[in-house]
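Comments concern the structure below.
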Amino acid sequence: MAKKEVKVLTKKVLVEDIAAKQGLTKKAATEIVNYVFDESAKTLKKGGTVDINGFGKFTVKKRAARTGINPRTKETIKIKATKVPAFKASKTLKDIVK
């Protein structure tokens, strides 16, 4: 049985696809892609939500302080509370992936 090729969507591939499909230069497409990612990151940093209809929702979740174990020394360590990005896929995306 032949191995199925899995496509990896990188920022570079996204820029090239947008440039080709919209008739833009790679520089213009790069600026657009960077703008979307930069604004999304800024919104999340401020505690906001990035909601992309038909794709999903990015939010910031708070992870409480907890006790962990250093795997090398087996000592218990305190892990500080932190904020982490979270993603919840939309129903549309879930249905597409099925």
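Among the residues of the stretch 1-36, what is the count of those that are without any contact (Cβ under 8 Å) to a residue 12 or more places away in the chain and either within 27 Å of A86 (Cβ to Cβ) or of a type in the set (D, E, K, R) (or both)?
Within the stretch 1-36, the subset without any contact (Cβ under 8 Å) to a residue 12 or more places away in the chain is 1-10, 12-13, 17, 19-28, 31, 34-36.
Within this subset, residues satisfying the condition of being either within 27 Å of A86 (Cβ to Cβ) or of a type in the set (D, E, K, R) (or both) are 3-10, 12-13, 17, 21, 26-27, 31, 34-36.
The number of residues fulfilling the criteria is 18.
Tally up the residues in the stretch 72-98 that are on the phi < 0 side of the Ramachandran plot, part of a loop (DSSP other than H, G, I, E, B) and basic (K, R), please. Steps first, answer last, please.
Looking only at the stretch 72-98, we keep the residues that are on the phi < 0 side of the Ramachandran plot, and these are 72-73, 75-98.
Applying the additional criterion that residues be part of a loop (DSSP other than H, G, I, E, B) yields 72-73, 75, 80-81, 90, 98.
Next cut, basic (K, R) only: 72, 80, 98.
Number of matching residues: 3.
Filter the stretch 50-78 down to residues that are among the aliphatic types (A, V, I, L, M) and either open to solvent by less than 90 Å² (accessible area, probe 1.4 Å) or out of contact with any strand residue (DSSP E or B) (no Cβ under 9 Å at 6 or more places or on another chain) (or both) and give me whichever is farthest from D95 (Cα to Cα). Even if it seems obvious, please write down each step before you answer.
Here is the first cut: in the stretch 50-78, the residues among the aliphatic types (A, V, I, L, M) are 50, 52, 60, 64-65, 69, 77.
The next check asks that each one be either open to solvent by less than 90 Å² (accessible area, probe 1.4 Å) or out of contact with any strand residue (DSSP E or B) (no Cβ under 9 Å at 6 or more places or on another chain) (or both); those that pass are 50, 52, 60, 64-65, 77.
Working: V50: 21, I52: 16, V60: 24, A64: 33, A65: 36, I77: 42 Å.
Ranking the candidates gives I77 first.
Out of everything in the stretch 46-71 that is part of a strand (DSSP E or B) and of a type in the set (S, T, N, Q), what residue ends up being farthest from V36 (Cα to Cα)?
Taking the stretch 46-71 first, the residues part of a strand (DSSP E or B) are 50-52, 56-63, 66-69.
With the extra rule that they be of a type in the set (S, T, N, Q), the set shrinks to 59, 67.
Values: T59: 16, T67: 37 Å.
Across the stretch 46-71, the extreme among qualifying residues is T67.
Can you work out which of the residues in the stretch 1-16 that are in a helix (DSSP H, G or I) and farther than 25 Å from K91 by Cβ is most open to solvent (accessible area, probe 1.4 Å)? Please lay out each step first, then the result.
Of all residues in the stretch 1-16, those in a helix (DSSP H, G or I) come to 11-16.
So of that shortlist, the ones also farther than 25 Å from K91 by Cβ come out as 11-13, 15-16.
Details: K11: 103, K12: 140, V13: 39, V15: 13, E16: 66 Å².
That would be K12.
What residue, of T30, T43, is surrounded by 11 or more Cβ atoms within 10 Å (Cβ to Cβ), touching a strand residue (DSSP E or B) at 6+ places or on another chain (Cβ under 6 Å) and assigned to a helix (DSSP H, G or I)? Quick ask: steps written out before the conclusion?
On the way: T30 fails: touching a strand residue (DSSP E or B) at 6+ places or on another chain (Cβ under 6 Å).
Going through T30, T43 in turn, the sole match is T43.
Name the residues in the stretch 82-98 that are farther than 22 Å from K42 by Cβ, open to solvent by less than 90 Å² (accessible area, probe 1.4 Å) and of a type outside the set (S, T, N, Q), would you?
Within the stretch 82-98, A89, L93, D95 meet the criteria.
The values are calculated or read from the model by the stated rules, or taken from the named source; none is laboratory data. Computed from a prediction, not measured in an experiment: that's the story for all the values here. Don't worry about glycine lacking a Cβ; one is built from the backbone with ideal geometry, like all the others, and counts go over all protein chains shown. Accessible surface is based on the protein model in full, side chains and every heavy atom, while ligands, DNA and RNA are left aside. Shrake-Rupley method; radii C 1.70, N 1.55, O 1.52, S 1.80 Å.
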